[in-house]
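Q: For reference, the structure I am asking about is given below.
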Amino acid sequence: MGGWRGVERNWRGLLAAVLLSSPAWAQEEVAAEESAAPEEPVVASASLESPILEPAAPMISTEVPAEKKKKKKAKVEPMGESPEAADATDDSGEERTLRVFGRVFARASADEREDYARSLSVSSARVGVNAGFEYIEAEVSADLSSKTMLKDAFVRLADSDKRLRLYAGQFKAPFLARELESTWDLSLMRRGLVDDYLTETNGLGGRRLGLMGEVRLKEAWNLKVSGGLFEGSKDELGNRTSEDAAARVSVRPFKALTVGASTYMTQVTEGTRQYAVATDGTLHLGALELTAEAVTGRLPLGNFTAQLGLASYLIPISKDWSVQPLAGAEALQLRGDTAGRGWAAVGGVNILFSDAFKAQLQAEHALRPGDEAPGTEYSLQLATRF
């Protein structure tokens with residue numbers, strides 16, 4: 001009888017110890033007991049002389065484990081803006097995805113050609129949706145600040161290994177590395193006078209309705225070959241011309257270097273009248289990025305050549321903030337019955353917050369096609385995306 005009372009007193013003492021002891025004391029007790037006897041629990045004998053027994057099993061900590069923080073996914077540009085950046089999401093393992101994206105660029109500028117009159121504009125107000133299921137992806141985007149609101153609207157089919165792809169709809173033709181780079185990823189506010197003159201003025205490349213095939217071989221220096229047929233531009237009378245063709249090939253011999261070549265030919269079914277061929281290279285040396293591109297071809301005014309170069313350096317300030325100084329130059333030469341030239345030098349600094357906001361301050365001194373004399377333009381741009 002006395003033995004049972006002793007056991008009862010001991011269990012009461014054990015219960016009181018568990019309730020009154022702190023979590024830290026409990027952890028120290030557990031550590032001491034595990035180091036003394038890691039395999040077998042210590043069993044104490046019942047005794048009238050000892051009011052509290054040693055615990056028969058390790059005590060459980062009352063601390064609530066901290067919830068694991070979900071890793072924030074880095075923002076990735078949509079396929080229509082940057083196919084190279086979108087390729088990084090191919091190995092996510094998700095069979096079905098749906099993503100809404102958007103961005104807003106607000107710009108203020110003062111141009112010497114206009115007596116430094118201030119100009120405020122929303123240069124881009126893009127919104128779109130991307131959906132994917134197994135081997136099929138579709139994307140639609142619109143720019144609310146543009147007269148031509150529809151930007152991208154296409155479907156992309158791929159095999160199980162993502163080696164073969166087929167694009168159908170409206171998207172960027174595979175021509176000019178400067179044009180294929182996303183506006184967000186490009187450190188410049190604008191793509192430059194060479195891209196504007198070839199794409200906007202003469203209709204070589206840009207976004208078009210078309211059909212394009214693509215082959216990717218990662219084991220062969222990450223070889224990528226793209227080519228397709230695209231809707232032709234309108235002539236002087238407003239009539240649509242026959243189909244154009246574009247192609248691009250690029251390789252990455254090592255991680256820091258990417259080189260490529262691209263071409264665009266107009267009215268290929270009726271004999272090419274205008275064309276352009278470009279070679280490009282991008283070199284990453286830590287925080288330093290260097291890009292260069294050379295273009296040559298024939299336009300309605302005659303033969304032409306062009307050169308583009310850009311350098312930027314990313315300086316981290318804190319976990320989320322960084323500063324990016326940049327400098328670039330480009331030149332355009334028309335060689336024919338109508339000779340001419342254009343050039344531009346640009347410099348500035350970008351302030352970046354994570355991957356969702358940036359402020360850009362840049363100055364450009366340029367002689368653009370049609371200008372009688374060079375002029376300087378100062379620009380400030382704030383941009384955000386989701």
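Q: Roughly how many Å is it from the Cα centre of the range 196-223 to that of the range 336-386, as a whole number?
A: Rounded to whole Å, the Cα centres lie 24 Å apart.
Q: Moving on to the next point. For every other residue with a beta carbon closer than 12 angstrom to the beta carbon of ARG341, add +1 if it is Lys or Arg and -1 if Asp or Glu, then tell me the sum.
A: So the environment of ARG341 carries a net charge of 0.
Q: What does the C-alpha gyration tensor say about the overall shape of the range 179-224? Classify as rounded when a/c is under 1.5, otherwise prolate if a/b is larger than b/c, or oblate.
A: On the way: a/c = 2.81, a/b = 1.53, b/c = 1.84.
Note, shape of the range 179-224 comes out oblate.
Q: Continuing with the same structure: What is the distance in Å between the Cα centroid of the range 254-330 and that of the range 128-177?
A: 22 Å
Q: Here are some pairs, LYS172/LYS255; LYS147/LYS234; LYS151/LYS234; LYS255/LYS319; LYS162/LYS255; which of them have Cα atoms lying more than 22 Å apart in this structure? If you can, show how the numbers build up before the last one.
A: Numbers: LYS172/LYS255 25 Å; LYS147/LYS234 17 Å; LYS151/LYS234 18 Å; LYS255/LYS319 25 Å; LYS162/LYS255 20 Å.
Going by Cα-Cα distance, LYS172/LYS255; LYS255/LYS319 fall outside the 22 Å limit.
Q: Residue by residue, what Karplus-based ³J(HN,Hα) values in Hz, rounded to whole numbers, does the range 261-273 have, using 6.51, -1.76 and 1.60 with θ = phi - 60° and x for Gly and Pro?
A: 3J(HN,Hα) across the range 261-273, in whole Hz: 9, 9, 8, 9, 10, 8, 6, 5, 7, 10, x, 4, 9.
Q: Here's a follow-up. Work out from phi, with θ = phi - 60° and the Karplus expression 6.51 cos²θ - 1.76 cosθ + 1.60, the ³J(HN,Hα) of each residue of the range 186-201, listed in order in whole Hz, and give x for Gly and Pro.
A: After applying 6.51 cos²θ - 1.76 cosθ + 1.60, I find 5, 6, 7, 6, 10, 6, x, 5, 5, 4, 4, 5, 6, 7, 6, 7 Hz.
Each reported figure results from applying straightforward, stated rules to the coordinates on display, with no laboratory input. Remember, it's a predicted structure, so these values are computed and weren't measured experimentally. We place every Cβ from the backbone using ideal geometry, glycine too, and count neighbours over all the protein chains shown.
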